[in-house]
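Undergrad: Questions regarding the structure given below will be posed in turn.
The values are calculated or read from the model by the stated rules, or taken from the named source; none is laboratory data. For clarity, every value in this text was computed on a predicted model and none was experimentally measured. Glycine gets a Cβ as well: all are built from the backbone with ideal geometry, and neighbour counts include every protein chain shown.
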Amino acid sequence: MLGSGQIDPSAMTRMPYVRRVLDESMRLYPPIPAIMRMAAQDDELCGVKVPANAVTLVMPWIIHRHRKLWTDPDRFDPDRFLPENSVGRPRLAYLPFAMGPRVCIAAAVAIQQLMIGISVLARKFRFRLADGHEVRPAGAVSLRVHEGLYMTVERRRGG
């Protein structure tokens, strides 16, 4: 850590809880809730024939909440990303930035920026959902909050 609220980039590896909170947040609210792909050639997917040029959908929103992949999937639990709790989880059970040759090229930068932002802001402020407001996700190209995210922000003591 550096002074004046700055974060040394090497500190990312020393913030495992922040990373788990971020991963769990993106599991419940994936940045890209649906991914469309076109089959380049005839193929088969889970026993279903997929003809060339067919459009297929990969739905991280659904995969990240699938009861066969996640225990109590609607509950926010950062500890599900502890190494011991991740053993045996299928590789494609969590894909907030897609996967394979078309994975988001900015994923690593996004993770680093989000971790820095969370660390700096959470150290100085407490955020609570404003009274009378609810989080209503809205899917488009990327996931967003329908009608905005209204928060009450309180400065932490000593922050």
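Undergrad: Among ALA140, ALA98, ALA107, ALA122, which is the only one that is among the hydrophobic types (A, V, I, L, M, F, W, C), at pLDDT below 95 and touching a Lys or Arg at 6+ places or on another chain (Cβ under 9 Å)?
TA: ALA122
Undergrad: Residues that are among the acidic types (Asp, Glu), at least 2 per element: which strands (runs of 3 or more DSSP E) completely within the range 76-159 meet that?
TA: Those strands (runs of 3 or more DSSP E) do not exist here; none qualify.
Undergrad: Could you look through the range 55-95, keep only residues that are farther than 17 Å from ILE35 by Cα and of a type in the set (Gly, Ala, Ser), and pick out the one that is surrounded by the fewest Cβ atoms within 10 Å (Cβ to Cβ)?
TA: GLY88
Undergrad: Any residue in the range 26-35 that is farther than 22 Å from ALA138 by Cβ and either out of contact with any Asp or Glu (no Cβ under 8 Å at 6 or more places or on another chain) or surrounded by 15 or more Cβ atoms within 10 Å (Cβ to Cβ) (or both)?
TA: Looking for residues that are farther than 22 Å from ALA138 by Cβ and either out of contact with any Asp or Glu (no Cβ under 8 Å at 6 or more places or on another chain) or surrounded by 15 or more Cβ atoms within 10 Å (Cβ to Cβ) (or both), one finds none in the range 26-35, hence no.
Undergrad: Please state which of the following conditions ALA52 fails to meet, knowing it meets all the rest: (1) modelled with pLDDT under 95; (2) small (Gly, Ala, Ser); (3) exposed (fewer than 15 other Cβ atoms within 10 Å of the Cβ).
TA: So ALA52 meets the others, but not (1).
Undergrad: For MET38, indicate whether it is in contact with a strand residue (DSSP E or B) (Cβ under 7 Å, 6 or more places away or on another chain) and either modelled with pLDDT under 95 or within 22 Å of PRO96 (Cβ to Cβ) (or both). It would help to see each step written out before you state the result.
TA: Working: in contact with a strand residue (DSSP E or B) (Cβ under 7 Å, 6 or more places away or on another chain): yes; either modelled with pLDDT under 95 or within 22 Å of PRO96 (Cβ to Cβ) (or both): yes.
Yes, satisfied.
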